[in-house]
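In what follows, a structure is listed as structure tokens, so that the remarks can point back to it.
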Amino acid sequence: MPLEANRCLSAAPKASAPEIREEFCRPGQQDGILLLNKERGLSSAACLTTIKRRLGQRRIGHAGTLDPMAEGLLVVLLGQATKISDPLMHAGEKIYSGVIRLGIVTDTWDAEGRILERLPVRGMDPGRVREACASFVGTYEQEVPAYSAAKHLGRPLYELARRGLETPVKTKMVSVYRCEAELVDPERIFFRVSCASGTYIRSLAHSLGKRLGCGAMLEKLTREYSRPFGIEKARALGEIVQNPEEFPGMVFSIAEALPDWPHIRLGREDAALIRMGKRLSVAADPGGPAPGRGLLLLEADGTALALAECLAGEREGAFVLRATRGLWNT
């Protein structure tokens, strides 16, 4: 993937070495995916702002934030990769693990909130806990936390809640693929959940407390996986910003982020036509693209060129490729 030249100066007047490296040796704008292992206590926005300022990444986004109390995998999108946020956020499985504390109910449904109730937890049976957690598997309407970014009349719910105003009960469709739990002590449950993007784990913990009759809150949360990436490849924020010369090597390509999309590599002339907004006619191939399928078009060197769709051609045995989102730098 071609990279913008580094803006490194050989010297700076009366500046220490760390200052030179931070201020004058920043890499150029990258186009790809950075995997951040976010630590607890930091907001996702603060992490992105640090990367933007310290490493000169003017165009930056994400494929799903984490609450400040949560830790783990934050998929950061750089440059042209900000244009693939929708495919990554809406089509990707996510896996979380963490701890649910029984007997405590808070206004935010997690350990960051104000305690509303303390309820007794007596004789909790491990089998009952496992059965209750397994009952969340499926697709259903989930209640949205009052302290969330979901909006009512154009205003985030958390804004209303913080001002003491009444927040309407909102729900959303979610899908939970797996929900396993183990009672680790009389008042705590270790869990692992596999779910679709957009599922509120705080809501799951709150609902579990209701089903068990003792109340509950989310005490700890770690995102382990966000399709197609795992936390084992993620790096700490300090490691990322303190090694600007190594930063380009930390970035994954756009093609690696979309492994389920058919990849089509184009020659120079066809790539030029795509950039001009032209459509390409291709012969039907049993192993090739099919109408209605999303595609990733690549340059001859493998650099991502565009998201595209395959359309039926005017003549039999031919398909048409049409770019739906350009991924090239202008």
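The values are calculated or read from the model by the stated rules, or taken from the named source; none is laboratory data. Just so we're clear, the structure is a prediction, and the values are computed from it rather than from any experiment. Here the Cβ is made from the backbone with ideal geometry for all residues, glycine too, and neighbour counts use every protein chain on show.
The residue that is surrounded by the most Cβ atoms within 10 Å (Cβ to Cβ), counting only those in the range 159-179 that are farther than 24 Å from His62 by Cβ and either among the β-branched types (Val, Ile, Thr) or at pLDDT 95 or above (or both), is Thr167. Screening the range 192-289 for strands (runs of 3 or more DSSP E) wholly inside it with 3 or more residues that are at pLDDT below 95 and at negative phi returns the ranges 263-265, 280-283. The criterion of being farther than 27 Å from Trp109 by Cα and not polar (S, T, N, Q) holds for Gly238.
So is Phe229 of a type in the set (Phe, Trp, Tyr), buried (at least 19 other Cβ atoms within 10 Å of the Cβ) and touching a residue at least 40 places away in the same chain (Cβ under 8 Å) or not?
Details: of a type in the set (Phe, Trp, Tyr): yes; buried (at least 19 other Cβ atoms within 10 Å of the Cβ): yes; touching a residue at least 40 places away in the same chain (Cβ under 8 Å): yes.
In short, yes.
In the set (1) outside the structural domain of Arg59 (by TED's automatic domain parsing); (2) free of Cβ contacts under 8 Å to residues at least 60 places away in the same chain; (3) not in a loop (DSSP other than H, G, I, E, B); (4) not small (Gly, Ala, Ser), Leu77 fails one condition alone, (1).
Out of the residues in the range 222-257 meeting the condition of being of a type in the set (Lys, Arg) and closer than 15 Å to Lys38 by Cβ, tell me which one is nearest to the chain's Cα centre (by Cα). Steps first, answer last, please.
Here is the first cut: in the range 222-257, the ones of a type in the set (Lys, Arg) are 223, 227, 233, 235.
In the following step, the residues that additionally are closer than 15 Å to Lys38 by Cβ were identified as 223, 233, 235.
Working: Arg223: 10, Lys233: 14, Arg235: 15 Å.
Filtering first and then ranking leaves Arg223.
The single condition among (1) aliphatic (A, V, I, L, M); (2) at pLDDT below 95; (3) surrounded by 16 or more Cβ atoms within 10 Å (Cβ to Cβ) that Ala91 does not meet is (3).
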